[in-house]
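See structure below.
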Ligand SMILES: [Zn+2]
């Protein structure tokens, strides 16, 4: 039997997922994840809420992931929806530099357009300037409404600000947008949704048609109907449908590592040969155990 594939999910909101998810993800071969900062399903009202959220993405959540054998990275930014509260957005922008230098922050994200309002445009551009100045990768959320025009506009604005398209991941693509993204030299990420939008069968056909260069697969799993195993499931389906193992490795692992590993904070050595789990560890005196028996190395909790 061939060795099990290693998988990276480059877009998953673990803060809203359970420890069962972490266990299932590790069992399915996920070795590393990237958690973009986003909105919480309802708008925040104070800058302190952003600060505590960003702190959890660079503190508690990487610890929680480590307790299940998964390496956690994140992207930090002001999301498009909340850019529309300008008074608050100003304060959040001031806060970002405090977090962009943290050790597990691999990009500015997820930023971009939701309704394509002037405020969204203003803060998107401001954060692109920050990315340019700090030489950071950018993770762009494209709007679910007016997808095609919103995607093209996002790329035009990135180019206008002088960003290298090879350092920009355009997320939530579909068959309508992928060619425009690849033709312009950007990286195209695809979110696999369990029931609507991009399903994993469609993803197989995208890879068959467009190949595996500059294409990433992610789950964008969050507090909504979503599947944190979308990437390993898609990888398995690709193999079953005759996509080469090399192309599966590129789209479900290597391309994500190449795209988000540019600032040197995400490295294969972080998970290769270091799978030891020790749930006796604590983060600020807190553990994930709730009084249960710690799992050490390969022992199962159940
Ligand atoms: Zn997201």
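Considering the convex hull of the alpha carbon atoms of region 33-133, report its projected area averaged over all viewing directions, in nm², one decimal.
Numbers: hull surface 24.7 nm².
The number I arrive at for region 33-133 is 6.2 nm².
When a footprinting reagent is the concern and you count Cβ atoms within 10 Å, what order do 216, 78 take, fewest first?
With the sparsest Cβ surroundings first, the list reads 78, 216.
Where does region 1-81 land on Rg(C-alpha)/(2.2 N^0.38 Å)?
Values: Rg = 14.0 Å, N = 81, 2.2 N^0.38 = 11.7 Å.
Rg over 2.2 N^0.38 Å, computed on Cα atoms: 1.20.
Spin-label point model (7 Å from Cα, Cβ direction): what's the residue 103 to residue 262 distance in nm?
2.4 nm
Rank by packing, highest mean first: peptides 154-163, 106-115, with packing defined as the count of other Cβ atoms within 10 Å averaged across residues.
Result, highest mean Cβ count within 10 Å first: 106-115, 154-163.
Given a Förster distance of 41 Å, report the FRET efficiency between residue 179 and residue 296 from their Cβ-Cβ distance, rounded to the nearest 0.05.
0.25
Given the convex hull over the Cα atoms of region 18-58, what projected area results after averaging over all orientations, in nm²?
3.7 nm²
Give me the compactness ratio for region 90-229, meaning the Cα radius of gyration over 2.2 N^0.38 Å.
Against the empirical 2.2 N^0.38 Å value, I get 1.05 for region 90-229.
Considering the alpha-carbon set of region 190-293 alone, what are its Rg and its Dmax in angstrom?
Cα only, region 190-293: 17.0, 51 Å (Rg, Dmax).
If we count other beta carbons within 10 Å of each Cβ, what is the order of 288, 231, fewest first?
288, 231
Expressed in whole Å with the largest first, what are the equivalent ellipsoid semi-axes of region 156-238 derived from the C-alpha gyration tensor as the square root of 5 times each eigenvalue? Don't jump to the answer; show the numbers that get you there.
Numbers: eigenvalues 110, 43, 20 Å².
Semi-axes, largest first: 23, 15, 10 Å.
Does anything in region 1-21 have its amide N under 16 Å from the 7 Å Cα→Cβ label point of residue 249, and if so which residues?
Taking a point 7 Å out along Cα→Cβ of residue 249, the residues of region 1-21 whose backbone N falls under 16 Å are 1-8.
Among 290, 64, rank each residue by its count of other Cβ atoms within 10 Å, from fewest to most, as a rough exposure measure.
290, 64
Given region 120-194, report the % of alpha carbon pairs whose separation exceeds 16 Å. If you can, show how the numbers build up before the last one.
On the way: 1186 of 2775 pairs.
Taking all Cα-Cα pairs of region 120-194, the fraction more than 16 Å apart is 43 percent.
When DSSP beta bridges are limited to those with both residues in region 148-302, what percentage is antiparallel, rounded to the nearest 5?
25 percent
Once you put a point 7 Å from the Cα of residue 240 and another 7 Å from the Cα of residue 289, both along the Cβ direction, what distance in nm separates them?
It works out to 3.9 nm between the two label points.
Of all the C-alpha pairs in region 236-289, what % are more than 17 Å from each other?
Working: 879 of 1431 pairs.
Roughly 61 percent, once rounded to a whole number.
Can you compute log10 of I(q)/I(0) for the chain with the Debye formula, treating each Cα as one identical point scatterer, at q = 0.07 Å⁻¹?
For the chain at q = 0.07 Å⁻¹, log10 I(q)/I(0) is -0.25.
Read the figures in this text as sums done on the coordinates, not as results from a lab. Note that the structure is predicted; figures quoted are calculated from it, not measured. With ideal geometry, Cβ positions are generated from the backbone for all residues, glycine too; neighbour counts draw on all protein chains shown.
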